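Here is the structure we will look at.
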């Protein structure tokens with residue numbers, strides 16, 4: 001018997017051009033060394049997305065948010081929009097105003113950055129959208145947009161992949177204390193190898209429930 005067909009291998013057969021573009025884009029990103037150079041390469045890649053592409057990406061995001069239970073859904077919705085489209089707007093503004101020309105500092109954690117680049121191609125093809133009939137909505141290139149924005153946020157701006165104040169189930173949030181970012185789920189996603197949490201500059205925060213157990 002042959003090897004089982006995985007989601008990634010099936011999508012690579014269905015979208016061969018997407019795979020080429022994703023690998024080429026990530027290779028250009030990997031070769032950058034300064035934050036400004038990285039910002040310019042990401043901005044160029046993001047500007048290749050059409051208005052229709054962005055509408056599809058936004059529609060998929062809204063569909064995923066709609067699956068969440070309330071009141072968490074309403075609380076987290078604006079933070080997801082900031083994470084993806086707020087950062088998209090900031091990326092383009094910085095590009096158009098020449099901010100990246102002055103960002104000549106090196107990427108601060110090159111080892112983590114390179115590991116991030118390693119997982120992106122497979123991450124783009126690990127998303128199982130088999131239930132979606134329209135191939136436009138299954139394109140792995142749409143998933144790349146998510147990783148590009150995350151790379152800009154975490155390695156150019158040096159901010160957490162999820163915005164400060166974003167709530168998580170249990171009532172916890174991404175926090176900024178002094179000049180350090182903290183997140184309770186920072187180290188909870190290690191088994192999900194394609195998760196951006198594994199590359200986030202936020203520090204794992206302590207679970208307050210461990211300090212104040214029920215009944216004490």
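Summary of values
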| read-out | value |
| --- | --- |
| Segment 141-180, residues that are free of Cβ contacts under 8 Å to residues at least 12 places away in the same chain and outside any loop (DSSP other than H, G, I, E, B) | 173, 177 |
| Enumeration of residues in segment 31-78 that are under 15 Å from residue 142 (Cβ atoms), over 18 Å from the mean Cα position of the chain (by Cα) and assigned to a helix (DSSP H, G or I) | 51, 52 |
| Residues of segment 174-213 satisfying the condition of being closer than 22 Å to residue 71 by Cβ and either at pLDDT 90 or above or buried (at least 18 other Cβ atoms within 10 Å of the Cβ) (or both) | 174, 175, 183, 184, 185 |
| Which numbered condition residue 24 misses (of (1) exposed (fewer than 13 other Cβ atoms within 10 Å of the Cβ); (2) more than 17 Å from residue 124 (Cα to Cα)) | (2) |
| Top-ranked residue of segment 79-104 - restricted to ones that are in a helix (DSSP H, G or I) and exposed (fewer than 14 other Cβ atoms within 10 Å of the Cβ), ranked as nearest to the chain's Cα centre (by Cα) | 89 |
| Odd one out for residue 162, checked against (1) modelled with pLDDT of 90 or more; (2) more than 9 Å from the chain's Cα centre (by Cα) | (2) |
| Unmet criterion (only one of (1) exposed (fewer than 12 other Cβ atoms within 10 Å of the Cβ); (2) assigned to a helix (DSSP H, G or I); (3) at pLDDT below 95) for residue 111 | (3) |
| Near pairs, Cβ below 6 angstrom, 6+ apart or cross-chain, from segment 1-28 (on the phi < 0 side of the Ramachandran plot and in a loop (DSSP other than H, G, I, E, B)) to any residue that is surrounded by 11 or more Cβ atoms within 10 Å (Cβ to Cβ) and modelled with pLDDT of 80 or more | 15/140 |
| Pair list, Cβ under 7 Å, 6 or more apart: segment 58-70 residue farther than 21 Å from residue 89 by Cα, other residue modelled with pLDDT of 90 or more and not in a loop (DSSP other than H, G, I, E, B) | 68/76 |
| Matching entry among 106, 78, 71 (being out of contact with any helix residue (DSSP H, G or I) (no Cβ under 8 Å at 6 or more places or on another chain) and at pLDDT 95 or above) | 78 |
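The values are calculated or read from the model by the stated rules, or taken from the named source; none is laboratory data. All values reported here derive from a predicted model rather than from experimental measurement. Positions of Cβ are backbone-derived with ideal geometry, glycine not excepted, and every protein chain shown enters the neighbour counts.
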